[in-house]
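The values are calculated or read from the model by the stated rules, or taken from the named source; none is laboratory data. All of these numbers come straight from a predicted model, not from anything done at the bench. So basically every Cβ, Gly included, is an ideal-geometry build from the backbone, and we count neighbours across all protein chains shown. Calculation scope for accessible area: heavy atoms of the full protein, side chains included, ligands and nucleic acids excluded. Shrake-Rupley method; radii C 1.70, N 1.55, O 1.52, S 1.80 Å.
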Amino acid sequence: MKCKLILENGTVFEGKAFGYEKETVGEVVFNTSMAGYEELLTDPTYRGQFVVMTYPLVGNYGINLEDVESNGVHAKALIVRNKCDSPNNFRCEMDLDMYMKQNKIVGIEGIDTRALTKMITANGTMKAVIAYEDKDEAELKEKFASYCNKDAVKEVTCKDVKKIDGTGRRVAILDLGVKNSVVEALKAYGCDITIFPATTPAEKILSVNPDVVLLSNGPGNPEDADFAVEAAKKIAGVKPLVGIGLGHQVIALALGGKIGKLPFGHRGASVPVKNMETGRVLITTQHHGFNITEMPENTEVTYTSLNDGSIEGLKHKELPIMSVQFIPAFTSTDDKECVYGKFLAL
């Protein structure tokens, strides 16, 4: 079945539908990863977004349910140049099309993703409609106006407190959309973990007497997560406070910094970041559309992006507070450069 991707600027891309067929509206972003579409679709950071894969062939190793990053699919749509219909991998449990149908996620293939990506880099991220029939201007305006992603964090967070027993450091996670891989990395250190819903007040988080409080990654604009900012303000200086992705931005706001929207964001698995203390370059995974534009007082930059010079990490000069914009890679508990180890050492 043919379908159309209609951008907010009036550009129309025609393609072939796959996955779940439903007219929908979202924000179009692109990801430069060559693999990892399973993790990407289930990453809460992509809540409400249409994801364009810049790598042309997607679906060639199928889907396995061990590599998912959450208990659901959060991207609204997947846009690809070529979809593989005959995946070949010993871990494959189903093909991409079947997985997207089961999870009611819309797909388009046959789109010129290179042209679409260049348009996004030139014009910034924008809203779009996926439609199966022609739309007049009034209908499109109504569709675009209906899109809202302000409650994304509340939609992806856990509903109840979760406990993961361990014998190591006690870590309280404020779940703004935490990825499974982040929790697994902390489990590798033997941490005793308590995961709280995003709107949990600081007093309840502190009541478990954590050694470290982690504000997780998550979707959307950090200014919409004012509940998390307020919690961070009360925790800062009382307990060591760390953050990843959205949590990094929330910490910056809580300390008095400022946040702005990037033209087209950082989304990919090979983003170079420089450690400002050691000069070492890390190749990182990133999924965000906002960044720090003004550092809080009494803080310093710990990591910067080699692509655009944006701030990728901060630490407080006096208080036990540090955060990173990227998703830290876990190598081993003996790796002194591992960000998780630095978090736990505060």
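So here's what we get for this one:
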| item | result |
| --- | --- |
| Positions within region 159-194 being open to solvent by 10 Å² or more (accessible area, probe 1.4 Å), over 14 Å from Ala228 (Cβ atoms) and not charged (D, E, K, R), in sequence order | Val161, Ile164, Gly166, Thr167, Gly168, Asn180, Ser181, Val183, Ala188, Tyr189, Gly190, Thr194 |
| Residue count for region 20-35, restricted to those that are open to solvent by 20 Å² or more (accessible area, probe 1.4 Å) and in a loop (DSSP other than H, G, I, E, B) | 7 |
| Every residue from region 53-85 that is modelled with pLDDT of 95 or more, open to solvent by 40 Å² or more (accessible area, probe 1.4 Å) and either polar (S, T, N, Q) or in contact with a strand residue (DSSP E or B) (Cβ under 6 Å, 6 or more places away or on another chain) (or both) | Thr54, Pro56, Leu57, Asn60, Lys76, Asn82 |
| Condition met for Lys150 (surrounded by fewer than 22 Cβ atoms within 10 Å (Cβ to Cβ), modelled with pLDDT of 95 or more, in a loop (DSSP other than H, G, I, E, B) and out of contact with any strand residue (DSSP E or B) (no Cβ under 6 Å at 6 or more places or on another chain)) | yes |
| Of residues in region 294-331 being in contact with a Cys (Cβ under 9 Å, 6 or more places away or on another chain) and in contact (Cβ under 8 Å) with a residue 40 or more places away in the chain, the one nearest to Gly237 (Cα to Cα) | Pro328 |
| Among residues of region 265-284, those that are under 11 Å from Val324 (Cβ atoms) and open to solvent by 40 Å² or more (accessible area, probe 1.4 Å), counted | 0 |
| Condition met for Lys101 (open to solvent by less than 30 Å² (accessible area, probe 1.4 Å), more than 22 Å from the chain's Cα centre (by Cα) and of a type in the set (D, E, K, R)) | no |
| Number of the condition not met by Ala138 [criteria: (1) small (Gly, Ala, Ser); (2) closer than 29 Å to Met34 by Cβ; (3) modelled with pLDDT under 95] | (2) |
| So Lys163, is it assigned to a strand (DSSP E or B) and either of a type in the set (Lys, Arg) or over 17 Å from Gly48 (Cα atoms) (or both) | yes |
| Residue satisfying condition, being in a strand (DSSP E or B) and hydrophobic (A, V, I, L, M, F, W, C), within set Leu186, Leu214 | Leu214 |
